[in-house]
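Right, one structure below, let's go through it.
What follows draws every value from the coordinates through simple rules; no lab data is involved. Computed from a prediction, not measured in an experiment: that's the story for all the values here. Don't worry about glycine lacking a Cβ; one is built from the backbone with ideal geometry, like all the others, and counts go over all protein chains shown.
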Amino acid sequence: KIYVPTREEVSQWASEEQGNSTVNINTATLERLCELPGIGESKATDIIAYREKYGSFESTEDIKKVPGIKINLYEKITDRIRVK
C-alpha cells in the first residue's frame, strides 16, 4: 500500500517543520510525535499504527483511543496537538 499525500498535507507538514508549536496528530511523523511530552518512540508508533488502521482522528480527544494514552498523558499534550 502506497500513500501519496495531498498538496494540503505536504503544506501542513512544511508549516509544522517551520516551528509550529502544535503537532497535527493526523499527519505528524514519528520524530514529530516524539517531541510531545510523554510520547516516546513506542507510543508514537502506536499513534501512527492507530491512524493507519482506523483513519484520521476526528478530534484531539480521539488520541485517548490509542492503547497506552490515558487521561493524564492526554492532559499533558492537549494544548500541543491538533487534528487540522
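Observations, loosely collected:
- Karplus 3J(HN,Hα) series, Hz, for segment 33-39 with 6.51 cos²θ - 1.76 cosθ + 1.60 (x for Gly, Pro): 5, 5, 6, 6, x, x, 10
- Distances between placed amide hydrogens fall under 5 Å for Val23 paired with Ile81, Arg82, all partners being 5 or more residues away or on another chain.
- Ranked by the mean number of other Cβ atoms within 10 Å of their residues, highest first, the peptides 63-73, 25-35, 40-50, 1-11 fall in the order 25-35, 40-50, 63-73, 1-11.
- Segment Glu9-Cys34, extension gain: residue separation times 0.36 nm, minus the distance between their alpha carbons: 7.1 nm
- Over the chain, all Cα pairs binned in 10 Å intervals from 0 give whole-percent P(r) values of 18, 57, 24, 2, listed from short to long.
- Residues in segment 54-69 carry Karplus couplings, in order, of 10, x, 5, 6, 7, 9, 5, 5, 4, 5, 5, 6, 6, x, x, 9 Hz; the curve used is 6.51 cos²θ - 1.76 cosθ + 1.60 with θ = phi - 60°, and Gly or Pro positions show x.
- Over the chain, relative contact order from alpha-carbon pairs under 8 Å, at least 6 apart, %: 33 percent
- Using every pair of separate Cα atoms, the Kirkwood estimate puts the hydrodynamic radius of segment 37-79 at 10.5 angstrom.
- Sequence-distant contacts, meaning Cα pairs under 8 Å at least 6 residues apart, place the relative contact order of segment 42-84 at 39 percent.
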